[in-house]
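Enquirer: One structure follows; several queries about it will come next.
Computed from the coordinates by the stated procedures, all read-outs in this text should not be read as laboratory data. Every value quoted in this text rests on a predicted model; they were computed, and no experiment measured them. As a convention, Cβ positions derive from the backbone with ideal geometry for all residues, glycine included, and neighbour counts pool all protein chains shown.
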Amino acid sequence: MLFFNFSFAQTVYTLEDVIRLAQNQAPAAKQAINQKETSFWQYRTYRTNYNPQLRMNGNLPTYTNSYSPIRQQDGSIVYRAINQINPGLNFGLQQPIALTGGTISVNSGYNFFNDRIQNSTQWNGNLMNIQLSQPVFSYNQLKWDKRSQPIVFEESKRQYIQTLESISQQAASLFFNVLTSQINEQIASFNLANNDTIYKIEQGRYNIGTTPKDKLLQVELQLLRSRQDVAQARLDLQSNMLALRTYIGLKDGERFSLVLPDEVPAFELSEEEALHHAQKNRAEYIAFQRRRIQAEASVAQAKGTRYQTTITAQYGLNSQGAMISDLYTRTLNQQVFNISFNVPVIDWGRRRATTQTAYANKRLTDFTIAQDEVNFEQEVLTQVRQFELLRLQIEITQKSDVVALERYTVAQNRYLIGKIDITNLAIALNEKDNAKRSYIAALKAFWTAYYNLRRLTLYDFATQKPLYEQAED
């Protein structure tokens, strides 16, 4: 295992540590948690639409003291002084009917009238009545919500897990950015010390006449470039550490170093298995079903607005009297039946155009979903096909790193005894540095692809366990 440490380092983090911190305290993770909570309460709100509601409304009190116009029997208007108190209170237990979209309710209400000028009082009360309000041929919001909203909620829970995997992928990318900067800083520091030694050697050879001045100047130029590379590498390291610190939510004063993972998870991966888990677990896949339902609901809504008819039926007991006790001794049956309708006679094709627009949007949705399904599958298959290549790249670049280091050691020894010139030594040095960078780049590509595969399938192939399991209702 490669380990990069600094004298000022206080905490050492592995890749798993960084991802854990990102998922627990990164700003993006907190946003995902907030969105998850919002979706939960939105779903709870939807569920309450099907539960009975006990409501109370009224006016406590209504007081009037003014001159008001009173129409007489002959049609004339006389302004009379009015001093009245007229409070009222109503209770109602309402139950929506999801199957039909109607509402049934049990209601009770009391009204009191006090004429202070005439010194008279009167009570009126609906002691109890049952009321049914039923739209006919109209759009049933409760019916369509019952089909779509559970999917929306399930989609939000899966999307939360996918967001965490996206956070893991980004954290892994930033993790390797810091490691790359650390390695570049080490390479630059090593090259600076090495070029300084070579410059001293070439300077001694120049003094005894075995090295021409152009080679001495070449080495001096390499030394100056090495100093510039060290300064740039340290600046890049600070910038990448700040980016990682900000993303995973570390405190500004907390110092850390990173451990480079030298092992990658080994597991068998097939296109069929990855696609199966993606179709079973991904939020986008159930979103296809939700989008189809919403398109069908839009068609039903457009058709439901053509004719607006509502049947209202009410049966109960009501009464009136000078005292509230009179309401319970002289009751009368209360019966109300009403059919209201609103049918446009001439609308110049408006209803037909609205309906055909909804049908056209539904066909467009079907075409779009079909293409999205193809893109969905292609994204998964492409990642799977790239995965084995990335694993192979790690093996190749790791071995190349070892070989390039060994070659540089041999070249350095040969240079010291005068068997090769400075140009060949520089070539060996560049190959060593590039091999190390290629190895880190291969690790970064593999781990970011690994967490992207987890995001695409919501399945951990290393442990053979799903990242999300749907709860039983």
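Enquirer: Can you figure out the FRET efficiency of Gln294 with Gln470, using R₀ = 22 Å and their beta-carbon distance, to the nearest 0.05?
Expert: Details: r = 21 Å, r/R0 = 0.95.
According to the calculation, E is roughly 0.60.
Enquirer: As I understand it, the dipole of the chain uses +1 on the Cβ of Lys and Arg and -1 on the Cβ of Asp and Glu, about the Cα centre. Which of Ala243, Ser138, Thr62 lies farthest toward its positive end?
Expert: Farthest towards the positive pole: Thr62.
Enquirer: In addition: Assuming a viscosity of 0.692 mPa s and a temperature of 37 °C, what translational diffusion coefficient in µm² per second does Stokes-Einstein assign to the range 1-144, Rh being the Kirkwood radius over Cα pairs? Don't skip to the answer; put the middle values down first.
Expert: Working: Rh = 22.6 Å.
The estimated diffusion coefficient comes to 145 µm²/s.
Enquirer: Of the trypsin sites (Lys or Arg not before Pro) in the range 397-473, which ones lie in a loop per DSSP and count no more than 14 other C-beta atoms within 10 Å? It would help to have the intermediate numbers written out before the result.
Expert: On the way: sites: Lys399, Arg407, Arg414, Lys419, Lys432, Lys436, Arg437, Lys444, Arg454, Arg455; in loops: Lys419.
Qualifying residues, ordered by number: Lys419.
Enquirer: Pop the C-beta distance of Gln25 and Ala231 into the FRET formula with R0 = 41 Å and round what comes out to the nearest 0.05.
Expert: Calculated value: 0.80.
Enquirer: Scan around Ile82 for amide H atoms under 5 Å from its own, H built in the peptide plane at 1.01 Å from N, and keep only partners 5 or more places away or cross-chain.
Expert: Under 5 Å from the amide H of Ile82: Ser66, Tyr67, Ser68.
Enquirer: Another question about this same structure. Quote the Stokes-Einstein diffusion coefficient, in whole µm² s⁻¹, for the chain, based on the Kirkwood radius over alpha carbon pairs, a temperature of 10 °C and a viscosity of 1.306 mPa s.
Expert: 52 µm²/s
Enquirer: For Trp123, Trp447, Trp348, which order do you get if you count the other beta carbons within 10 Å of each Cβ and list the fewest first?
Expert: Trp348, Trp123, Trp447
Enquirer: Using only alpha carbon pairs under 8 Å that are at least six residues apart, calculate the relative contact order of the range 287-385 and give it in whole percent.
Expert: Value for the range 287-385: 33 percent.
Enquirer: Give the whole-number value, in cubic angstrom per residue, of the convex hull volume spanned by the C-alpha atoms of the range 240-343.
Expert: Spelled out: Cα convex hull of the range 240-343, divided by residues, is 429 Å³.
Enquirer: Which semi-axis lengths, in whole Å and largest first, follow from the square roots of five times the eigenvalues of the Cα gyration tensor of the range 124-283?
Expert: Working through the eigenvalues yields semi-axes of 69, 21, 13 Å.
Enquirer: Output the direction-averaged projected area (hull surface divided by four) of the convex hull of the alpha-carbon atoms of the range 181-255, in nm².
Expert: The orientation-averaged projected area of the Cα hull of the range 181-255 comes to 5.4 nm².
Enquirer: Can I ask one more? Of Val343, Val403, Val230, how do they rank once you tally other Cβ atoms within 10 Å and put the fewest first?
Expert: Least to most surrounded, the residues fall as Val343, Val403, Val230.
Enquirer: Something else about it: Longest span of the chain, sites excluded, free of GluC sites (Glu not before Pro) in DSSP loop with at most 11 other C-beta atoms within 10 Å?
Expert: My reading of the result: 1-253 is the longest stretch.
Enquirer: OK, next. Which Cα, out of Ser181, Gln23, Gln222, lies furthest along the positive dipole direction of the chain (beta carbon charges, K/R +1, D/E -1)?
Expert: So the residue we want is Gln23.
Enquirer: Further question: If we count other beta carbons within 10 Å of each Cβ, what is the order of Ile339, Ile248, Ile151, Ile167, fewest first? Can you show the working numbers first?
Expert: On the way: Ile339 10, Ile248 27, Ile151 17, Ile167 24.
Fewest-to-most ranking of Ile339, Ile248, Ile151, Ile167: Ile339, Ile151, Ile167, Ile248.
Enquirer: Pairing the Cα long axis of helix 141-208 with the longest principal axis of the chain, what angle in degrees results, from 0 to 90 and rounded to the nearest 10?
Expert: 20 degrees
Enquirer: Place a +1 charge on the Cβ of each Lys and Arg in the range 339-444 and a -1 charge on the Cβ of each Asp and Glu, then give the dipole magnitude about the Cα centre in debye, rounded to the nearest 20.
Expert: For the range 339-444, the charge dipole is close to 180 debye.
Enquirer: Just flag the chymotrypsin sites (Phe, Trp or Tyr not before Pro) in the range 1-101 sitting in loop per DSSP whose Cβ has no more than 10 other Cβ atoms within 10 Å.
Expert: Sparse-neighbourhood loop chymotrypsin sites (Phe, Trp or Tyr not before Pro): Phe8.
Enquirer: May I ask you to compute the full-extension gain from Ala98 to Val12, defined as 0.36 nm times their residue separation minus their alpha-carbon distance, rounded to one decimal in nm?
Expert: Full-extension gain reported as 25.2 nm.
Enquirer: Can you give the angle from 0 to 90° between the axis of helix 213-248 and the longest principal axis of the chain, with both taken from C-alpha atoms, to the nearest 10?
Expert: Between the helix axis and the principal axis of the chain, the angle is about 20 degrees.
Enquirer: Now for a different question. Give a residue-ordered list of calculated ³J(HN,Hα) values for the range 423-430 (Karplus: 6.51 cos²θ - 1.76 cosθ + 1.60, θ = phi - 60°; whole Hz; x for Gly, Pro).
Expert: 5, 5, 5, 5, 4, 5, 5, 5
Enquirer: Tell me the trypsin sites (Lys or Arg not before Pro) within the range 285-345 that lie in a loop according to DSSP and have at most 10 other beta-carbon atoms within 10 Å.
Expert: Details: sites: Arg290, Arg291, Arg292, Lys303, Arg306, Arg330; in loops: Arg306, Arg330.
Filter output for the range 285-345: Arg330.
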